[in-house]
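Notes to accompany the following structure.
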Amino acid sequence: MADRQLTFEIFRYNPLKPEVAPYMQTYKLAETTGMTIFVALNMIREEQDPSLMFDFVCRAAICGSCAMVINGRPRLACKTLTNTLPAKIKLFPLPVFKLVGDLAVDTGTWFRYLSEKTESWVHTSKVPDPKVQEERMDNAVANQIYEAERCIECGCCIAGCATANIRDEFLGAAGINRVARFMVDPRDERSPGEYFEIVGSEEGAFGCMGLMACDDNCPMELPLQMQLAFVRRKMAAYGLGYKEKKRIKP
């Protein structure tokens, strides 16, 4: 069977040249066996247009750099086979994040803000001692932490989130997942109140519209809605308890 002729319509815009308005550019390419969007973009850049901008690093769905909107859905270019798509393919950069150029966006600044906002490090009063044997952790707890740590910070869940697209301060599924990771970590000594200050608001656990786009778009298939439910239950329980104590306080 002959290879298909693919038509790519790709968003083009360079913020350093604001005088040139955003536009769509068309490229033709013969499909090959096992072709991914990542492979196709590299062929276009090497053979047709070296000015085309997009990000990539690992080619193995580990770094998250090549995330983009492919036929209306946030996906990883390196993980998306062209034979799963129609012959006409439209590519856009991820929304929410700052545009670098064409299909490339700056997810790093956003995730740095997320790390600072959620204070993504183990809070402990213990002084590290490299000579002491590491503390053992229950396997079930370790697996819970590992599940959350599988996030590759690609931004697909954020790009597909309705709330994140209209509210700049919303932490999104990636932020809730990050908080859940530390909430189950027995080494972290933060209180429920301290977590509530971070995520117990509409910018955090209570801002989700429940459309489940994060679950649908996560290339790692993380249980993001379950993480949200877990954090919401914890924060709601603390919030109700806090209000109750405040009401009876003389």
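Values in this text are rule-based calculations from the coordinates and carry no lab data. The structure displayed is predicted, hence computed values, not measured ones. Cβ atoms come from the backbone with ideal geometry, glycine included; neighbour counts cover every protein chain shown.
Quick rundown of the values:
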| read-out | value |
| --- | --- |
| P(r) histogram, all alpha-carbon pairs of the chain included - 5 Å bins from 0, percent | 1, 6, 12, 15, 15, 13, 11, 9, 7, 5, 3, 2, 1, 0, 0, 0, 0 |
| Sorted by Cβ density within 10 Å, fewest first, the residues Thr7, Thr36, Thr26 | Thr26, Thr7, Thr36 |
| For region 119-248, radius of gyration divided by Kirkwood radius, i.e. Rg to Rh on alpha-carbons | 1.01 |
| Square roots of 5 times each gyration tensor eigenvalue, C-alpha, region 60-186, largest first, Å | 34, 17, 13 |
| The chain - mean residue ellipticity at 222 nm from DSSP helices (-39,500 (n - 2.57) per run, n ≥ 4, rounded to 500) | -11000 deg cm²/dmol |
| Per the chain, cysteines lacking a partner by the 4.7 Å Cβ criterion | Cys66, Cys78, Cys151, Cys154, Cys156, Cys161, Cys208, Cys218 |
| Gain upon complete extension [Val132, Arg4; 0.36 nm per residue less C-alpha separation] | 40.0 nm |
| Neighbour net charge for Leu114 - beta-carbon separation under 10 angstrom, K R +1, D E -1 | +1 |
| Interatomic Cα distance distribution for region 5-104, bins of 5 angstrom, percent | 3, 13, 25, 27, 20, 8, 3, 0 |
| Normalised contact order of the chain, rounded percent, pairs of Cα under 8 Å and 6 or more residues apart | 17 |
| Extension reserve of the Asn14-Met209 stretch, reckoned as 0.36 nm per residue once the Cα distance is removed | 66.9 nm |
